[in-house]
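> Submitted below is the structure of interest, expressed as structure tokens.
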Amino acid sequence: SLVAGVVAVQGDVEEHASAIERTAESRGYEVDVREIRESGIVPACDLLAMPGGESTTISRLVHSEGIAPEIVAHVEAGKPLLATCAGLIVASRDAADDRVDELELIDVTVERNAFGRQKDSFEAPLSVDGLADEDPYPAVFIRAPAIEAVGSADVLASWDGRPVAVRDGPVVATAFHPELTPDSRVHGLAFFDNEAAFVPSLENTVR
Ligand code: GLN
């Protein structure tokens with residue numbers, strides 16, 4: 001079966017684990033989801049999620065636990081990563097905050113809590129490129145970062161004139177929380193429909 005990892009040092013880990021299980025099941029794959037709190041687990045994972053939560057805490061712990069270089073190696077090997085909200089901030093090239101030691105996996109600059117000043121949380125119907133169908137995606141934003149500048153990444157969705165979902169090679173990242181809605185299309189896109197990513201366990205399987 002597939003091996004999925006959820007970076008579990010802090011944040012909404014359970015929600016990502018459930019979303020991954022739902023997404024894999026809907027595609028007919030068995031999946032074993034592992035919570036990552038220490039080094040040594042990421043190398044066995046076909047796909048990874050980095051959740052929402054508190055980006056300065058997640059950043060500090062992935063570095064101190066030795067998980068950070070393993071996440072970088074996972075992406076360099078072309079395996080998929082879905083990074084949401086705080087996960088996007090940690091995976092970005094520049095988070096404009098000294099307390100975040102960015103993994104530089106997505107060529108974007110972000111501003112933390114950029115939507116939060118007006119409104120702490122809201123839901124928006126988004127049009128997201130690459131989803132299985134064209135129905136609006138119900139995106140939940142919670143003190144979300146804004147993507148301020150995009151380098152080589154592709155913008156998949158925007159809200160209020162700003163990019164809120166991007167893809168950079170095997171990485172898909174969102175300012176919102178696809179793990180908090182039952183709609184699993186964003187997880188499906190990140191893990192199974194991104195042609196720039198490969199899932200080792202599926203290599204000899206008909207996809
Ligand atoms: N505001 C949080 C941060 O900057 C991110 C919010 C979230 O993940 N919901 O870390």
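Every read-out reported here was derived from the displayed coordinates using simple, explicitly stated rules and does not represent laboratory data. Quantities reported herein were computed from a predicted structural model and do not represent experimental measurements. Here the Cβ positions follow ideal geometry from the backbone for every residue, glycine too, while neighbour counts run over all protein chains shown.
> Would you mind telling me the antiparallel percentage of the DSSP bridges in the chain, rounded to 5?
On the way: 19 of 37 bridges.
Of the beta bridges lying entirely in the chain, close to 50 percent run antiparallel.
> Cut-off is 10 Å between beta-carbons; in what order do 94, 32 appear when sorted fewest neighbours first? Show your work: numbers first, answer last.
Numbers: 94 17, 32 14.
Neighbour counts put them in this order, fewest first: 32, 94.
> Now for a different question. If you count, for each residue, the other Cβ atoms within 10 Å and average over each peptide, how do 182-192, 67-77 line up from highest to lowest? Mind showing how you got there, number by number?
Working: 182-192: 22.3, 67-77: 17.7.
Top to bottom by mean Cβ count within 10 Å: 182-192, 67-77.
> Grab the DSSP H runs of the chain that are 4 residues or longer, score each as -39,500 (n - 2.57), total them, divide by all residues and round the 222 nm result to the nearest 500 deg cm²/dmol. Please report the intermediate quantities before stating the final value.
Working: 5 runs with 47 residues, N = 207.
After summing the helix terms and dividing by the residues of the chain, the value is -6500 deg cm²/dmol.
> Sticking with this one: Which FRET efficiency value, to the nearest 0.05, do you get for residue 122 and residue 158 by plugging their Cβ-Cβ distance into 1/(1 + (r/R0)^6) with R0 = 22 Å? Could you put the intermediate results ahead of the total?
On the way: r = 15 Å, r/R0 = 0.68.
Between residue 122 and residue 158 the formula returns 0.90.
> May I ask for log10 I(q)/I(0) of the chain at q = 0.10, 0.14, 0.16 Å⁻¹, from a Debye sum over the Cα atoms as equal point scatterers with solvent left out?
The Cα Debye sum returns log10 ratios of -0.35, -0.72, -0.97.
> Still on this structure: How charged is the neighbourhood of residue 11? Take every other residue with its Cβ under 15 Å from the Cβ of residue 11, and add Lys/Arg as +1 and Asp/Glu as -1. Write down the numbers at each step before the final one.
Details: positive: 37, 60, 112, 143; negative: 12, 14, 15, 35, 54, 65, 179.
Every neighbour counted, the sum reads -3.
> Calculated FRET efficiency, residue 135 and residue 30, Cβ-Cβ r, R0 35 Å, to nearest 0.05?
Values: r = 27 Å, r/R0 = 0.78.
Computed FRET efficiency for residue 135 and residue 30 comes out at 0.80.
> With a sphere of radius 13 Å drawn around the Cβ of residue 100, what net charge do the other residues whose Cβ falls strictly inside it have (Lys, Arg +1; Asp, Glu -1)? Could you put the intermediate results ahead of the total?
Working: positive: 60, 93, 99, 112; negative: 54, 94, 97, 98, 101, 102, 104, 111.
Net local charge, residue 100 excluded: -4.
> How high is the FRET efficiency from residue 14 to residue 73, r the C-beta distance, R0 25 Å, rounded to 0.05? Mind showing how you got there, number by number?
Values: r = 26 Å, r/R0 = 1.03.
E(calc), rounded to 0.05, equals 0.45.
> Measure out, as a whole number of angstrom, how far apart the alpha-carbon centroids of the range 125-192 and the range 2-70 sit.
If we compute the Cα centre of each part, the gap is 18 Å.
> Within the range 68-132, report the trypsin sites (Lys or Arg not before Pro) that DSSP leaves as loop and that have at most 12 other Cβ atoms within 10 Å. Before the final figure, lay out the partial values.
On the way: sites: 93, 99, 112, 117, 119; in loops: 99, 112, 117, 119.
Here the sparse-neighbourhood loop sites are 99, 117, 119.
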